[in-house]
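One structure below.
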Amino acid sequence: MSKLLVENRAMVFPGDVIAEGNNFEIATPYLKRIGNRVVATVIGLVTIEKDDRTTKLGLIPLEGCYYPKVGDLVIGIVIDIGVTSWLVDIRAPFPAVLNASDYLGKPYNPSEELSKYLNIGDVILAKIAQFDRGRDPLLTVQEKGLGKVVEGVLIEIKPSRVPRVVGRRKSMLSMLQEETRCQIVVGNNGRILLRCPDPEREAIAILAIKKIEREAHTQGLTERIKEFIIEQKIKRGLIGSGGGKGET
């Protein structure tokens, strides 16, 4: 007989038993089977999705460093310049590589100085193009919106908190952008790029994101963060005490 031992969105710790039986589908590397039990390997929030055929178990981790996956959007910082490529910090246990031919979109002539395109300390938006245990992650910027970042403010959160900042179906991220009027790009590696219309909204956005990071394990977070942003806008004179009316 199979049975669930926790509820949806329950907070669990390494070693906690989530379910017993073999009729569950595991949809995350943070849960593993030990005999007929499903056990958590990290601290996180359990997700349970049921349909007519199966029950799918997931776990949103609340701790841990960033581990690259192909297709991930990352915000990187150039840390070294080679002959034909750049070495990029992506907050993983190992640096990533961005080839000059990918960045330029054409074959690269090694006689050119790469520093005239990207220098140490420059920030880039990129995606993980290739990665396996035998080599460092390979980046690409060959998609719309990727490449060198020329404006904005960069903040960092724990990579494990990224799903909470984005929210289910991007609900949290959409609310943050609507309420602050900031353009927000969230990297899977826990770096977040903010482009805001003024310093006040930038400060509010940063405070809100840090609050999400601290309270990621709690329920009802989206509405609570929305209320927090409104309070901050009233405090800073961006809106009247009645709420969203009269926002400047």
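The values are calculated or read from the model by the stated rules, or taken from the named source; none is laboratory data. What you see is a predicted model, and the numbers here were worked out from it, not measured in a lab. Neighbour counts are summed over all protein chains in view; Cβ atoms, including those assigned to glycine, are modelled from backbone coordinates with ideal geometry.
Worth a mention:
- Residue within the range 208-227 that is of a type outside the set (D, E, K, R) and more than 30 Å from residue 10 (Cα to Cα) present: no
- Single residue of the range 145-159 satisfying the filter (within 10 Å of the chain's Cα centre (by Cα) and over 17 Å from residue 121 (Cα atoms)) that is modelled with the highest pLDDT: 157
- Within the range 169-180, the set of residues being more than 17 Å from residue 210 (Cβ to Cβ) and surrounded by 14 or more Cβ atoms within 10 Å (Cβ to Cβ) comprises just one member, 174.
- A count restricted to the range 115-136 and to residues that are modelled with pLDDT under 95 and surrounded by 19 or more Cβ atoms within 10 Å (Cβ to Cβ) stands at 1.
- Residue within the range 25-32 that is at pLDDT 95 or above, touching a Leu at 6+ places or on another chain (Cβ under 9 Å) and not hydroxyl-bearing (Ser, Thr, Tyr) present: no
- Exclusive hit being outside the structural domain of residue 24 (by TED's automatic domain parsing), buried (at least 20 other Cβ atoms within 10 Å of the Cβ) and on the phi < 0 side of the Ramachandran plot, set 93, 68: 68
- Qualifying residue in the range 156-163 (condition: of a type in the set (A, V, I, L, M) and not assigned by TED's automatic domain parsing to the domain that holds residue 214): no
- Residue within the range 170-183 that is closer than 26 Å to residue 77 by Cα and at pLDDT below 95 present: no
- Residue within the range 155-167 that is free of Cβ contacts under 8 Å to residues at least 12 places away in the same chain and either at negative phi or touching a helix residue (DSSP H, G or I) at 6+ places or on another chain (Cβ under 6 Å) (or both) present: no
- Looking across the range 181-220 at every residue that is of a type outside the set (D, E, K, R), in contact (Cβ under 8 Å) with a residue 40 or more places away in the chain and surrounded by fewer than 19 Cβ atoms within 10 Å (Cβ to Cβ), the one that is nearest to residue 42 (Cα to Cα) is identified as 217.
- Restricting 15, 64, 71, 76 to those that are at pLDDT 95 or above, assigned to a loop (DSSP other than H, G, I, E, B) and within 27 Å of residue 188 (Cα to Cα) reduces the list to 71.
- Scanning the range 127-154 for residues that are of a type in the set (A, V, I, L, M) and either touching a residue at least 60 places away in the same chain (Cβ under 8 Å) or in contact with a helix residue (DSSP H, G or I) (Cβ under 9 Å, 6 or more places away or on another chain) (or both) returns 128, 129, 138, 139, 141, 149, 153, 154.
- Here residue 232 meets the list (1) touching a Leu at 6+ places or on another chain (Cβ under 7 Å); (2) at positive phi almost entirely, failing just condition (2).
- Within the range 102-120, being outside any loop (DSSP other than H, G, I, E, B), in contact with a strand residue (DSSP E or B) (Cβ under 9 Å, 6 or more places away or on another chain) and of a type outside the set (D, E, K, R) holds for 103, 114, 115.
- The range 101-113, residues that are surrounded by 17 or more Cβ atoms within 10 Å (Cβ to Cβ) and farther than 20 Å from residue 75 by Cβ: 108
- Residue identified as of a type outside the set (Phe, Trp, Tyr) and closer than 28 Å to residue 222 by Cβ among 115, 85, 101, 160: 160
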